[in-house]
Each structure stands twice: as structure tokens, then as C-alpha cells.
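Written below as C-alpha cells is the structure these notes are about.
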Amino acid sequence: MRHTISILVENRFGVLTRVSGMFSGRGFNIDTLNVGPTQDPKMSRMTVVVQGDDTVLEQVTKQLNKLVDVIDITDFKEGGFVDRELVLLKLKVDSKTRAEVIQICEIFRAKIVDVQADTLTVELTGDEAKVARFVKLMENFGILELNRTGRIAMKLG
């Protein structure tokens, strides 16, 4: 089972190293890790996706709570949050495939951010399933470069 955990931390030097070190030191693999500022410049929010059962999640939470720089931990349960991911793709295109790629981008509400003679660079935001479906379709055209942000999430309500 995949768990999405939001960790509010103090915005200090070395916090990312301590948090990620806690995961690796205890044998927990991080699927995705995203860190960014919050509305308060003294704090940052880390969104971590980790695999494991509820026991793994409980251990992760206990260990994170022991870290001095951790302010709050939220486990996002299904249905109680909204999540998004951003992907940038550089695609190989020619005069025959360009129109088809553009049409698929319109269907997925993807944004074309760069056009060259033989490439298109595309930006797509959505939940993990939408991003995965889009990437799978684009594989048929030839992905030259791919960059995904990993999941970010926020509680509903």
C-alpha cells in the first residue's frame, strides 16, 4: 500500500537530510519526495510517498515525531485529500505525428510549452493516474526526455 505523508518542518539547513536519512536508516524506501515553501517563510512542507502496510506508516510517523525540526505530520487517507503531479515531456515529432500529439494534448488539457522543428515540449498537471495514462500514450511517439515532480497533496476542507 502507498501512503502519502505531509510533513511540516522548520525551514532550516539540513532538515531534508535528516528526514530522508531517517527513512533510509530504517530501510524505508521513498517513492517520491517533494519539498517546497509554505505561506510562512519559517516553514517548509515535505510530501513523501512511501510503500508499506499500516505498521510501516506507524513506524515512520513515530520516527518523524522524534526529529526536532518536524512540526506536524499528516497521513493522507483516500478521499480526504487532493493530490497533483506535474510532468514535463520532450517528444519526438515529425510533420505526420505533430497534429496527433497536439490533439492528445488537448484531450488531456496538457500545455505545449515549446515547439521546435522535430520536438514538442509538453506540460501536464493531474493526479498520478492521469499523468501515467498520458505518459503511456506519449511513449508511442518517442519520449526524448521526461521529468516528473512527484506527488504533492493537501487536505480537503
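The values are calculated or read from the model by the stated rules, or taken from the named source; none is laboratory data. Computed from a predicted model, the values in this text were never measured in an experiment. Positions of Cβ are backbone-derived with ideal geometry, glycine not excepted, and every protein chain shown enters the neighbour counts.
Things to note:
Let's see how each residue does on (1) closer than 12 Å to Leu88 by Cβ; (2) in contact with an Asp or Glu (Cβ under 8 Å, 6 or more places away or on another chain):
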site: Arg109; (1), (2): no, no
site: Leu124; (1), (2): yes, no
site: Asp127; (1), (2): no, yes
site: Lys130; (1), (2): no, no
site: Arg133; (1), (2): no, no
site: Lys136; (1), (2): no, no
site: Leu144; (1), (2): yes, no
site: Asn147; (1), (2): yes, no
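- Matching strands (runs of 3 or more DSSP E) fully within the stretch 1-96 where at least 1 residues are closer than 23 Å to Asp127 by Cβ and more than 19 Å from the chain's Cα centre (by Cα): 81-92
- Pairing residues of the stretch 7-31 that are in the same structural domain as Leu67 (by TED's automatic domain parsing) with residues that are part of a strand (DSSP E or B) and basic (Lys, Arg), at Cβ distances under 8 Å and at least 6 apart in sequence or on separate chains, gives Ile7/Arg45; Leu8/Arg45; Val9/Arg45; Asp31/Arg2.
- Filtered residue count, the stretch 102-140, keeping only those that are within 30 Å of Arg2 (Cβ to Cβ), in a helix (DSSP H, G or I) and in contact with a strand residue (DSSP E or B) (Cβ under 8 Å, 6 or more places away or on another chain): 8
- Glu85 being in contact with a Lys or Arg (Cβ under 6 Å, 6 or more places away or on another chain), crowded, with 16+ Cβ neighbours inside 10 Å and at pLDDT 95 or above: yes
- Residues located in the stretch 61-87, provided they are free of Cβ contacts under 8 Å to residues at least 60 places away in the same chain and in contact with a strand residue (DSSP E or B) (Cβ under 6 Å, 6 or more places away or on another chain): Thr61, Leu64
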